[in-house]
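The values are calculated or read from the model by the stated rules, or taken from the named source; none is laboratory data. The model shown is predicted, which means the values in this text are computed figures rather than measured ones. Cβ placement follows ideal geometry from the backbone for every residue including glycine, while neighbour counts extend to all protein chains displayed. Just so you know, the surface numbers come from the protein's heavy atoms only, side chains and all, with ligands and any DNA or RNA stripped out. Shrake-Rupley method; radii C 1.70, N 1.55, O 1.52, S 1.80 Å.
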Amino acid sequence: MITDISKPTITLTGDTTFDYSSDPVKKPIHYNQGGIECIDAIRAMTKNMGGTSAYMSGNVMKYVWRHEYKGGLEDLEKAQVYLGWLIDNYKEIHK
C-alpha cells in the first residue's frame, strides 16, 4: 500500500522505500531492493557460469527478486519454470 506519493519517494507499508523518480528502463523500482540492484546481484551470481545455466539462473533470481513488487504469484511460477529448466540442464550436463 502506498502511504505517500507527494514526495519524490514512496514508502510502502513496512520497511520498503523506493525512489519514485527512478528511471523505469535503466533502474526500475521493482529491481532495487535494500539498495541492491538485481542486475548487480545476477552479474555476481552468474560471473563464472556458462551460457544456458547463467541465463536460466538469472531469470530465476529476477522473478524471485521482483515478485513482491511486480508480478506476485505469476513471477514465482515463472521462477519455478526456469528453475525446472535449470535443473534439467544441469542433469544433462552432468550425466
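Mind listing whichever residues of segment 70-82 are open to solvent by less than 80 Å² (accessible area, probe 1.4 Å) and touching a residue at least 24 places away in the same chain (Cβ under 8 Å)? Quick ask: steps written out before the conclusion?
We begin by selecting, within segment 70-82, every residue open to solvent by less than 80 Å² (accessible area, probe 1.4 Å); these are 71-72, 75-76, 78-79, 81-82.
Across segment 70-82, the qualifying residue is only 82.
Do you know which residues across segment 41-61 are open to solvent by 80 Å² or more (accessible area, probe 1.4 Å) and more than 15 Å from residue 86 (Cβ to Cβ)?
43, 47, 48
Would you mention how many residues in segment 58-95 are assigned to a helix (DSSP H, G or I) and touching a Leu at 6+ places or on another chain (Cβ under 8 Å)?
So the answer is 3.
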